[in-house]
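Written out below as structure tokens is the structure these notes cover.
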Amino acid sequence: MSDTYIPIGTMTRRLALAACLLLVAPGSGRSQTPDAPLTLISSAGRRLLPAVAFDGRRMIDLRELAAPFGLTIADAQQPGRLTVSRGEQVIVLTADEGLVSVAGRLVSLPSPPLERAGIWYVPLDFIGRALALVHDQSVELRRRSGLVVVGDIRVPQVVARYQRTGPQARLRLMITPATEHVIELEPDRLVITFESDALDLVLPDIAPDDLVTGLRSAGTRPALTVDLGAAFGAYTATNEPAIGGGGELVLDLRPTEATSTRVVPPAAPPPPEAGADADLPALSELAPPRTIRAIAIDPGHGGDDTGTRGPNGTLEKEVTLDVARRLRNAIESQLGLRIVLTRTADATVALDERAAIANNNRADLFISLHTNASLRESATGAEVFYLSLDEYDEEAHTASVFTGQPIPVVGGGSRVLDIVPWELAQLRHVDQSARWAEIVADELGLRLPMSPRGLQQAPFRVLVGANMPAVLVEMGFISNPDQEAQLTSTTFQAAIVNGLLRSIVRYRDDVAGGVPAPGQAAAVPAERSDAPQGQRP
Amino acid sequence: MKREYWIYGALAAAAVLGAWVLLVGLPRWYVPEPAPSAGTAATDGEFVEVTLFYISDDGMQLVGFERRLKRQAAPAEQARIILEAQLAEPPAPLLSPIPTGTQLRAVYLTERGDAFVDLTEEVTLGHSGGSLEELFTVYAIVNAVTTNLPAIQAVQILVNGREVDTLVGHVDLQRPLERNMLWVADHEDVAAPRPTSFGRETSS
């Protein structure tokens with residue numbers, strides 16, 4: 001008996017010791033790992049600022065900021081407290097305290113400063129929130145590209161998106177603020193040089209293919225280099241103004257005549273999202289629309305309202321938000337339309353509020369995403385709904401009393417307005433909704449299993465108040481285990497996104513009469529062997 | 001004299017008889033039959049044949065089943081009997097479109113031909129949440145009332161005595177809904193969505 005007691009007692013003591021160490025640990029032993037350095041850009045040039053990560057939080061050694069920002073770090077007067085000064089201005093830091101006193105003002109940091117072996121670490125936001133207040137020049141932290149921009153220098157942000165569509169490809173550069181640039185075609189690359197001091201470049205990870213093998217920064221020059229693949233033949237550049245004073249440069253890349261006629265297998269394995277790109281609309285269809293400018297996407301349910309639940313626990317509210325986000329990204333990048341999401345997180349939003357969000361943001365189309373459920377496990381397939389009129393006919397007949405109402409206006413007098421009761425907002429659009437729903441069902445039917453009744457009308461509340469063509473899409477039956485797995489898969493979601501994207505393009509062409517959008521495109525044919533030539537689009 | 005008595009007697013008897021006929025007999029003879037069916041389709045003495053709605057084998061539609069229920073004099077009472085039968089768990093392999101445990105709190109009929117069906121909260125709490133299932137739940141109730149009581153044109157569903165937007169987020173319950181056989185199998189009302197008013201073919 002005693003043989004068994006002793007080891008257990010020893011083990012208990014060891015466990016207790018380990019527990020004590022663990023309890024002590026949070027104060028002293030957080031894992032510290034080197035992180036990608038920041039680049040500080042000022043009129044004096046560039047400089048790297050090493051960063052470290054504590055438990056995933058990006059921090060910076062305060063001493064690294066002393067020289068570039070002219071800070072004086074006082075010797076510790078009290079344990080756990082540090083005074084940093086710049087001229088007459090003083091910053092007081094307290095270890096493990098998220099509030100910092102900056103020249104007498106309290107500033108909140110996303111995570112508290114840490115003191116480790118006499119060295120003070122501050123979160124990256126310290127630069128933008130605290131240092132910026134005591135510095136005599138502007139100080140801007142750009143987290144996405146890891147830049148710290150000091151002073152009045154021009155560092156436009158350039159966000160690149162690359163989209164392969166069959167034999168062609170499209171590179172979109174969102175430039176904020178709009179900046180003059182020059183495109184030069186060199187034997188193996190396109191170089192886009194911006195008239196600025198530096199670039200805040202946000203590049204996607206792309207899989208090399210036969211048109212573009214890579215996107216990279218051109219070293220210290222404010223330029224983007226596009227490395228071209230063997231099949232590249234010519235490009236077209238189009239400049240368009242973007243929202244908020246930005247600009248957009250669209251480069252359409254085409255293969256040489258010889259390669260464009262044959263099917264070229266991709267040079268590298270497709271990226272994870274390849275399913276999303278498999279059957280995208282042709283580039284000619286991706287031009288900015290004339291009549292459709294904004295689309296409201298409504299991810300069904302959310303928050304307390306989980307919606308349906310699959311046999312393996314998948315929640316409808318999660319699937320709908322996933323697909324909504326993918327659809328938003330696809331529409332923004334490929335159609336350039338404004339997207340309004342009725343919810344962007346796991347939040348409860350009332351049905352009428354969803355329609356109100358779409359109305360207030362002047363969306364031109366409304367699409368509500370859902371997953372279906374049945375008590376019979378065998379039920380499968382997608383369904384597209386638009387509002388049925390029968391339930392609302394009575395109100396529709398009496399609606400004339402609301403037209404031409406004189407409304408008093410500020411300053412006296414009145415204006416005659418047509419007032420549309422909430423319940424009737426959708427009635428005016430039902431014909432258009434029917435048209436679009438038909439196209440949506442058609443396009444989804446090419447890509448997904450549809451239920452025996454792929455297109456239906458029903459009195460769905462979320463559609464009632466939408467003052468624009470509106471459809472509700474049941475993407476599949478989450479109650480069927482196979483469909484549950486499909487609904488969470490990238491390929492299936494991509495098929496849904498493509499079907500919806502395609503339906504928007506078709507509907508837009510339909511209502512716009514198929515008129516091509518105005519473009520300032522200028523084709524720039526190029527031979528691979530040509531000498532370098534510059535083009536200013 | 002004696003003859004006069006006879007005449008007076010006969011007149012008095014006729015007056016009494018006339019009064020009886022006017023005040024008692026006629027009302028009694030002309031009382032309508034106790035609402036023979038409250039509008040029910042078929043009657044068989046004490047019973048009526050009604051149609052109730054359950055989920056089809058493939059789960060994609062409702063199917064109608066005939067049931068014999070006790071005939072009730074008052075339409076509201078008949079509606080209650082029909083709804084209670086519709087809410088009850090059906091024998092296998094039939095599957096109810098209404099969540100288990102849902103009880104009828106009350107049913108009200110209006111002179112306009114609307115019925116208000118007040119259900120307990122189990123109708124939402126126990127629901128699978130799918131829109132098709134929600135259409136089945138709503139239209140099983142709406143159709144059970146409107147099909148079997150033709151005097152009732154529309155049904156509004158209440159939950160725990162209150163108006164609700166929807167049961168589980170889809171079907172608009174803010175107004176009385178009319179009979180709709182779109183989701184009922186093999187019914188001649190089943191029709192394709194109404195044709196659109198577009199002349200142009202889809203361009204792609």
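FYI, it's all coordinate maths here, none of it is from the lab. Note that the structure is predicted; figures quoted are calculated from it, not measured. Cβ atoms come from the backbone with ideal geometry, glycine included; neighbour counts cover every protein chain shown.
Quick notes on this one:
- Shape of the stretch B:59-145 from the C-alpha gyration tensor: prolate (a/c of 1.5 or more and a/b above b/c, with a ≥ b ≥ c the square roots of its eigenvalues).
- Approximate shape of the stretch A:312-399 as ellipsoid semi-axes (Cα gyration tensor, √5λ), whole Å, largest first: 25, 23, 13
- Counting other Cβ atoms within 10 Å as a rough exposure proxy, the listed residues A:Ser503, A:Ser414, A:Ser145, A:Ser101 run A:Ser414, A:Ser101, A:Ser145, A:Ser503 from fewest neighbours to most.
- Inverse mean reciprocal Cα-Cα distance (Kirkwood Rh) of the stretch A:34-143, Å: 14.1
- Separation between Cα centres of the stretch A:336-397 and the stretch A:62-124, rounded to whole Å: 51
- Going by neighbour counts of Cβ atoms within 10 Å, the residues A:Glu88, A:Glu186 line up, fewest first, as A:Glu88, A:Glu186.
- For the stretch A:79-147, the Kirkwood hydrodynamic radius comes to 12.4 Å, computed from all pairs of different C-alpha atoms.
- Hull volume per residue, based on the alpha-carbon atoms of the stretch A:108-235 and their convex hull, is 155 Å³.
- The stretch A:353-372 residues near the modelled A:Asp304 label - backbone nitrogen below 16 Å, point 7 Å along Cα→Cβ: A:353
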